[in-house]
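Working notes for the structure below.
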Amino acid sequence: MSESAIITTNNVNLWYSDKQALESVSMTIPKNKVTALIGPSGCGKSTLLRCFNRLNDLIDCVKISGEILLDNENIHATGTDVVMLRKKVGMVFQKPNPFPKSIYENVAYGPRVHGVKDKTELDKIVEQSLHHAALWDEVRDRLHDSALGLSGGQQQRLCIARTLAVEPEVILMDEPCSALDPIATAKIENLINLLKQDYTVIIVTHNMQQAARVSDYTGFMYLGKLIECGKTVEIFEHPKEELTENYITGRFG
């Protein structure tokens, strides 16, 4: 890939106990682009995604080898501040998971944790983050209402705003639209397109049409291996590997 890389993986292997979930994965994630990870269920997409902010560390019996570089620094190096890593590399999960707090407090939570105390500054961060998540106009008059009263699509955009509030460099999205209706999905997809102006987005999706619509680059995974990775248009129109072509055309399994 010609673009400058923000994340590089070199020969990454991961095991859950004695089951290997990732095998020799080497790839680069270009900066300010959307990279989609596609492939059948259980192929390692979400596992790879969680490697980028070390969320797999929270699972017992995980062993990982190889190298993952963020801004040319090894994220597994001794002394790595994992809290700061997760500030730089935010995560949006499959199901919206707002805190049982107000809309305002959901967005202000991360900045408070990282030491922002000034109310004027918090107000500004909350408003900017909700603007960036294309939610401000819908919630500006009810910031102090419970986030749990929002629709599913609004809750997911709130979770994106919450991620943006701590100024990450990279946003990981694990099937962010799988629990949403088509209208809410379209809003999230439009938002992803806007976010890449300021952030790098990596999205796991089962929906190949979605990958084709929103991503600049696509990686196809199968049985823990990265089979092929490249520009989305090339992967979908001229895949190099027969396995990729079979998956994309539905002649699979």
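The values are calculated or read from the model by the stated rules, or taken from the named source; none is laboratory data. Keep in mind the model is a prediction, meaning the values are calculated, not measured. All Cβ positions, glycine included, derive from the backbone under ideal geometry; neighbour counts span all protein chains shown. The area values use the complete protein model at the heavy-atom level, side chains included, leaving out ligands, DNA and RNA. Shrake-Rupley method; radii C 1.70, N 1.55, O 1.52, S 1.80 Å.
The residues of region 67-85 that are on the phi < 0 side of the Ramachandran plot, touching a residue at least 60 places away in the same chain (Cβ under 8 Å) and in contact with a Lys or Arg (Cβ under 9 Å, 6 or more places away or on another chain), listed by number, are Ile68, Leu70. From the list Ile188, Ile202, the lone residue that is of a type in the set (Val, Ile, Thr) and assigned to a helix (DSSP H, G or I) is Ile188. Scanning region 7-43 for residues that are in contact (Cβ under 8 Å) with a residue 40 or more places away in the chain and either in contact with a His (Cβ under 7 Å, 6 or more places away or on another chain) or outside any strand (DSSP E or B) (or both) returns Ser17, Lys31, Asn32, Lys33, Gly39, Pro40, Ser41, Cys43. Residues that are part of a helix (DSSP H, G or I), without any contact (Cβ under 8 Å) to a residue 24 or more places away in the chain, within 25 Å of Ile6 (Cβ to Cβ) and not polar (S, T, N, Q) do occur in region 129-150, at least one of them.
When region 44-72 is filtered for residues that are among the charged types (D, E, K, R) and open to solvent by less than 30 Å² (accessible area, probe 1.4 Å), only Lys45 remains. From the list Asp123, Asp141, Asp174, the lone residue that is within 27 Å of Leu48 (Cβ to Cβ) and of a type in the set (Asp, Glu) is Asp174. Which of (1) surrounded by fewer than 22 Cβ atoms within 10 Å (Cβ to Cβ); (2) within 21 Å of Pro30 (Cα to Cα); (3) out of contact with any His (no Cβ under 7 Å at 6 or more places or on another chain) is the odd one out, the single condition Ala211 does not satisfy? The failed condition is (1). Please tell me if Lys88 is open to solvent by 50 Å² or more (accessible area, probe 1.4 Å) and free of Cβ contacts under 8 Å to residues at least 40 places away in the same chain. No. Comparison of Glu138, Glu169, Glu234 shows that the only residue that is open to solvent by 40 Å² or more (accessible area, probe 1.4 Å), modelled with pLDDT of 95 or more and closer than 15 Å to Val92 by Cα is Glu169. Taking the listed residues Lys19, Lys45, Lys33, the one that is more than 23 Å from Asp57 (Cβ to Cβ) and basic (Lys, Arg) is Lys33, with no other qualifying. Since Val113 meets every condition but one in (1) in contact with a strand residue (DSSP E or B) (Cβ under 9 Å, 6 or more places away or on another chain); (2) surrounded by fewer than 16 Cβ atoms within 10 Å (Cβ to Cβ); (3) of a type in the set (Val, Ile, Thr), which condition does it not meet? It fails just one condition, (1). Of all residues in region 97-110, those satisfying the criterion of being open to solvent by 30 Å² or more (accessible area, probe 1.4 Å) and assigned to a helix (DSSP H, G or I) are Glu105, Tyr109. Taking first residues from region 207-221 that are within 11 Å of Ile248 (Cα to Cα) and partners that are open to solvent by 40 Å² or more (accessible area, probe 1.4 Å) and aromatic (Phe, Trp, Tyr), the Cβ contacts under 7 Å between residues at least 6 apart in sequence or on separate chains come to Ala212/Phe236. All conditions in (1) without any contact (Cβ under 8 Å) to a residue 24 or more places away in the chain; (2) touching a helix residue (DSSP H, G or I) at 6+ places or on another chain (Cβ under 9 Å) hold for Ile64, with the sole exception of (1).
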